[in-house]
Amino acid sequence: MNVGLADTYTIELVVDQAPAGWTASFWDDQGVNHTDPWSFPLGLEESTEFSLDVAPTSPGYMKFHLEVSSPNLTTPLVIPFSYLTDDLDVLIVDDDGAEDYENYYTAALDTLGLSYGVWDRADAALSDDVLQYYRLLIWQVGLSYPTLDQEDRDFLTRHLDAGGKLFVTGQDLGWELNTEAPAWYHTYLHANWVNDDTNNYNLDGVAGDPITDGLDLHIQGGDGANNQEYPDAIAPYDADATTILAYRSSSYKAASAPPTATPAPRSSTSASGTRRSTTRRTAPSCSAARSSGWA
């Protein structure tokens, strides 16, 4: 509803991110479809309605926004939207605040040829529809704190209990969960927090592991996020986890995952942030499912 001056408003749909061939438009309250900017008058306490139409041509996601302007608005009103198809290989949960660490994951998934969508946790909590349609989640929190609140953990509990797969990564994730929700950390990520800062930035894979065998990681500088400040040390909590990354020349462990023979997909855990490998594609710091994509 217009609670200001009577005015003429212009609405424009702007696509921020979309796969090739996708289109978007909006409908006004007279049933007219628009793809170009459209102007309309609105008096005091008058209102109008719009509906959005997205036409996908492939699995993927679109980010777009409506921009509303008028001669009496000093700054346009921006209304963001996201549209995700229900047949994606991977759903990335962007929970890093205003950072763009998700780009490391989208680049890796592009290389692997996997379809994905991005859910901005700042815009909305994850719904039960996600449980139904998306079996593999990459949940990245960057340097954000606090994160994985009770609502997030309740959602992930339902996701993992239903057989979903999880790859969760963050700078101080182990330290935070050890403080805020140690029972959940042990039960669902099967990890044990050991140390807040190893001061060690070199990691080695585990011989024979299907993911990390031969990996040689330096987690500072290079073409990674370069956000390593307090790399945690963790350890497998129980028999449902095994070490897959270790800090070099140290007894500290950096990542764990379900044993290869484990039939039910669960979570695995690693203890630093997004990085690149010196020998091949990188593994981000995380708690994660063994089958998830590495960045």
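Only the coordinates and a few stated rules stand behind these numbers; no lab work does. Note that this is a predicted model, so its numbers are computed, not measured. Note that each Cβ is placed from the backbone with ideal geometry, even for glycine, and that neighbours are counted across all protein chains shown.
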Loop sites in region 1-68: chymotrypsin sites (Phe, Trp or Tyr not before Pro), DSSP, at most 16 other Cβ within 10 Å: F50
Descending semi-axes in whole angstrom, ellipsoid equivalent of region 69-196, from the Cα gyration tensor: 28, 19, 15
Per the rule of 0.36 nm per residue minus the C-alpha distance, extending D213 to N103 adds in nm 37.1 nm
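May I ask you to compute the full-extension gain from L44 to V14, defined as 0.36 nm times their residue separation minus their alpha-carbon distance, rounded to one decimal in nm? Please list the in-between numbers first.
Values: separation 30, 0.36 × 30 = 10.80 nm, distance 2.68 nm.
Additional length available on full extension: 8.1 nm.
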For a quick check, take a GNM of the chain with Cα springs below 10 Å and name the residue from S256, S144, S39 with the largest mean-square fluctuation. S39
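For region 7-83, report the convex hull volume of the alpha-carbon atoms normalised per residue, in Å³, without decimals. Don't skip to the end; give the middle numbers.
Values: hull volume 7.0 nm³, N = 77.
Considering the Cα atoms of region 7-83, their hull volume per residue is 92 Å³.
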Looking at the chain as a GNM with Cα springs under 10 Å, which of V141, V93, V15 has the largest mean-square fluctuation? V15
List the residues, sorted by chain then number, that are 5 or more residues from K165 or on another chain and whose placed amide H is less than 5 Å from its amide H. L136, L137
Estimated dipole of the chain in Debye, rounded to 20 [Cβ of Lys and Arg +1, of Asp and Glu -1, Cα centre]: 1440
Theoretical gain in end-to-end length, D7 to T179 [0.36 nm per residue, Cα-Cα removed]: 56.6 nm
Residue with peak Gaussian network fluctuation, the chain [Cα springs, cutoff 10 Å], from I234, I11, I138: I11
Rg and Dmax in Å for region 176-233, alpha carbons only: what are they? 13.8, 36
Near the amide H of N227, under 5 Å away, which other amide H atoms are found, from residues 5 or more places off or on another chain, if H is placed in the peptide plane? none
Quick one: order K253, K63, K165 by neighbouring beta-carbon count within 10 Å, fewest to most. K63, K165, K253
Per its Cα gyration tensor (rounded if a/c is under 1.5, else prolate when a/b beats b/c, else oblate), region 170-267 is best filed as oblate
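Set the Förster radius R0 to 25 Å, insert the Cβ-Cβ distance between D86 and H34 as r into 1/(1 + (r/R0)^6), and round the FRET efficiency to 0.05.
Values: r = 26 Å, r/R0 = 1.05.
So, using R0 = 25 Å, E works out to roughly 0.40.
Checking a compactness column here: for the chain, what do you get for Rg(Cα) / (2.2 N^0.38 Å), N being the number of residues?
Numbers: Rg = 22.2 Å, N = 295, 2.2 N^0.38 = 19.1 Å.
Here the Cα radius of gyration is 1.16 times the empirical estimate.
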